[in-house]
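Read through the structure below, which is laid out as structure tokens, and then see the notes.
The values are calculated or read from the model by the stated rules, or taken from the named source; none is laboratory data. These numbers were taken from a predicted model, which means no experiment stands behind them. Cβ placement follows ideal geometry from the backbone for every residue including glycine, while neighbour counts extend to all protein chains displayed.
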């Protein structure tokens, strides 16, 4: 997606060779016009998959997931929870997920009543790095016995290997911007 | 907002007299059709305020904030962060916020470059209980020297006092459903 790549080049900041900071438009301040175009693009790519629900993980995936839903007939969005709150009664699917930028490991949870074998799920997230969050969400879809239509990612950092892990399992992956390296202070797209 | 009240009565669950569980449509699974109508309603109520940015807090406020932005000319949405990530370089406004349902205290942060004296801010959140999160966000708006147009809340639990604190400071508060009690397993609206 050319518009997104241009925005990454103009407003993204490389912190070393591993971390791409895009908090001015994607995951702290959110440019809703850009997110609308990203949502439209995901909706076009998955429009024939009869998606019944979108699954994401708090917090940065929620904006893209909700706007994509508006373009896909307003299917429900579920965001996996990273912390247990006193309002979380009932039974949950769970998966352990390690955060690359926070250095923490969380048990992410989805209430069992929200996904079942009758569902076709689209997983959405803002970043794909080592594939930890995506693997956790894929595990939850599998535990629920639902069909997985694919994984939709805004920015994939290809050199961290998460994308290969997903495609090696035969799962469809759609990434709108694929960064193949950030060496010497420059961002290179595939 | 009648549609929202009906949905709370049909799908909300009271956990004791303090906690209202609405995770099937608002803050775990999200009914995007309902959120679109909520966003429209907030946009109508604040359409003459020349809002330049919407401020919310991760995670449950993000969906409502983003959909409201789509109805308010796609103004940028900023969500305050609860955890510090390695990608958070630069200077931040900060405020301490206690979570009612999680029993934790977090320092919430907003990058200083995203809000300034030229902004008119609309604060949006899913719940208003004791007013901890709203107070933190109001403090951040004040630290930035921005104008605060008001606070827009999906569900206010009036009996926990957060709404009174905001209105006593002369700040405009718009709550779409105001719960005045949850005694004896019944939800009563004002």
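Considering only residues in segment A:91-108 that are within 9 Å of chain B (Cβ to nearest Cβ) and touching a strand residue (DSSP E or B) at 6+ places or on another chain (Cβ under 9 Å), the one that is surrounded by the fewest Cβ atoms within 10 Å (Cβ to Cβ) turns out to be A:104. Filtering segment B:86-140 to residues that are on the phi > 0 side of the Ramachandran plot and touching a residue at least 40 places away in the same chain (Cβ under 8 Å) leaves nothing. If you go through segment B:162-190 and pick out every residue that is exposed (fewer than 13 other Cβ atoms within 10 Å of the Cβ), part of a loop (DSSP other than H, G, I, E, B) and modelled with pLDDT of 95 or more, you end up with 2.
The residue that is farthest from the other protein chains (Cβ to nearest Cβ), among those in segment A:110-124 that are part of a strand (DSSP E or B) and surrounded by 21 or more Cβ atoms within 10 Å (Cβ to Cβ), is A:123. Taking the conditions (1) facing chain A (nearest Cβ under 7 Å); (2) under 25 Å from residue A:76 (Cβ atoms); (3) in contact with a strand residue (DSSP E or B) (Cβ under 9 Å, 6 or more places away or on another chain) in turn, residue B:82 satisfies each one other than (1). Scan segment B:56-63 and give yes if some residue there is surrounded by 21 or more Cβ atoms within 10 Å (Cβ to Cβ) and more than 12 Å from every other protein chain (Cβ to nearest Cβ), otherwise no. No; the residues of segment B:56-63 include none that is surrounded by 21 or more Cβ atoms within 10 Å (Cβ to Cβ) and more than 12 Å from every other protein chain (Cβ to nearest Cβ). Considering each residue of segment B:130-147 in turn, none proves to be modelled with pLDDT of 95 or more and within 12 Å of chain A (Cβ to nearest Cβ).
In segment B:1-25, of all residues being within 11 Å of another protein chain (Cβ to nearest Cβ) and in contact with a helix residue (DSSP H, G or I) (Cβ under 8 Å, 6 or more places away or on another chain), the one that is nearest to residue B:69 (Cα to Cα) corresponds to B:25. Against the condition at pLDDT 95 or above and within 10 Å of chain A (Cβ to nearest Cβ), how does residue B:73 come out, does it pass? Spelling it out, residue B:73 is indeed at pLDDT 95 or above and within 10 Å of chain A (Cβ to nearest Cβ).
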